[in-house]
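Right, one structure below, let's go through it.
The values are calculated or read from the model by the stated rules, or taken from the named source; none is laboratory data. Computed from a prediction, not measured in an experiment: that's the story for all the values here. Heads up, the Cβs are rebuilt from the backbone with ideal geometry, glycines too, and the neighbour counts pull from every protein chain shown. With ligands, DNA and RNA removed, areas are computed over all heavy atoms of the protein, side chains included. Shrake-Rupley method; radii C 1.70, N 1.55, O 1.52, S 1.80 Å.
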Amino acid sequence: MREIKRLVRLKVVFVDWHKTLCSCPFFHQLQKQDEALYDKLDHRLFEDMPIEQFVEWMRGRITKEDIIKRLSGNDLSLSLVADLLKTGCETMTLDRKDYLKWIRKIRKKGKKVVIATDNVDTFDDYTVPALKLNRYFDDILCSFRLKKLKYDVVDGKMLFFDDFLKKHGIRYDEAMLIDDSEETIKLCLQCGMQARLVRTPEDVLKTLMMIEASCDRREY
């Protein structure tokens, strides 16, 4: 009963991108085309490069051009790596096509649906336009552009979300995040935002369907 009341109050649903809506890795197109090259680039990006540098990328402090130089090393051309990165990001796909059906239904019933992603400049520059994501979502919040990550919390406020919520006059308890990160989900709950942890595409779909069903209820 309490959960139904919370869902009825929802005004915006934030949905994570990586491993929530989409599980495609960078350079995913190479997994079948050239597995050795995929392994080399993936290793350089996630094993050789310090995690701190990837975080700096997500915070917008370095750009894809800096990363391309690092991935190229001494044996790959900058233009090749740049093209492969662009192609990989432009050809990402949703884990389930029917996500968009339920997102459309939720939006038609008056609730906003917004992508909320700790991500890098390739997302805004390549993935969003290629997949025409602006057609299917009310807004897209990307950490590279915001210069904030979802776990940045000050005085009980989640800086990543706070400006959007204030702009639209939405309280924390009128918002929900769907995400695969336990840490982020815990922070949302601590700050008063509704949150749903998902592990599989089926979890995401069930959550969207549950939210859509709640749109026909009235708060009581």
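Structural remarks
- Residues of the range 204-220 that are basic (Lys, Arg) and modelled with pLDDT of 95 or more: 206 alone.
- Answer from 70, 96 - the residue that is part of a loop (DSSP other than H, G, I, E, B), open to solvent by 60 Å² or more (accessible area, probe 1.4 Å), among the charged types (D, E, K, R) and touching a residue at least 24 places away in the same chain (Cβ under 8 Å): 96
- Scanning the range 184-204 for residues that are in contact with a helix residue (DSSP H, G or I) (Cβ under 9 Å, 6 or more places away or on another chain) and closer than 15 Å to residue 6 by Cβ gives 188, 191, 192, 193, 194, 195, 196.
- The range 142-199, residues that are touching a strand residue (DSSP E or B) at 6+ places or on another chain (Cβ under 8 Å), under 15 Å from residue 111 (Cβ atoms) and among the charged types (D, E, K, R): 173, 174, 196
- One residue stands out in the range 1-32 among those that are in a helix (DSSP H, G or I) and at pLDDT 95 or above: the one that is surrounded by the most Cβ atoms within 10 Å (Cβ to Cβ), namely 30.
- Only one of the numbered conditions (1) out of contact with any strand residue (DSSP E or B) (no Cβ under 8 Å at 6 or more places or on another chain); (2) open to solvent by less than 30 Å² (accessible area, probe 1.4 Å); (3) of a type in the set (Val, Ile, Thr) is violated by residue 207, and that is (1).
- Failed criterion for residue 177 (all others in (1) outside any helix (DSSP H, G or I); (2) touching a Cys at 6+ places or on another chain (Cβ under 8 Å); (3) open to solvent by 30 Å² or more (accessible area, probe 1.4 Å) hold): (3)
- Test result for residue 58, more than 22 Å from residue 83 (Cβ to Cβ) and aliphatic (A, V, I, L, M): yes
- Only one of 87, 127, 117 that is modelled with pLDDT of 95 or more, surrounded by fewer than 18 Cβ atoms within 10 Å (Cβ to Cβ) and among the polar types (S, T, N, Q): 87
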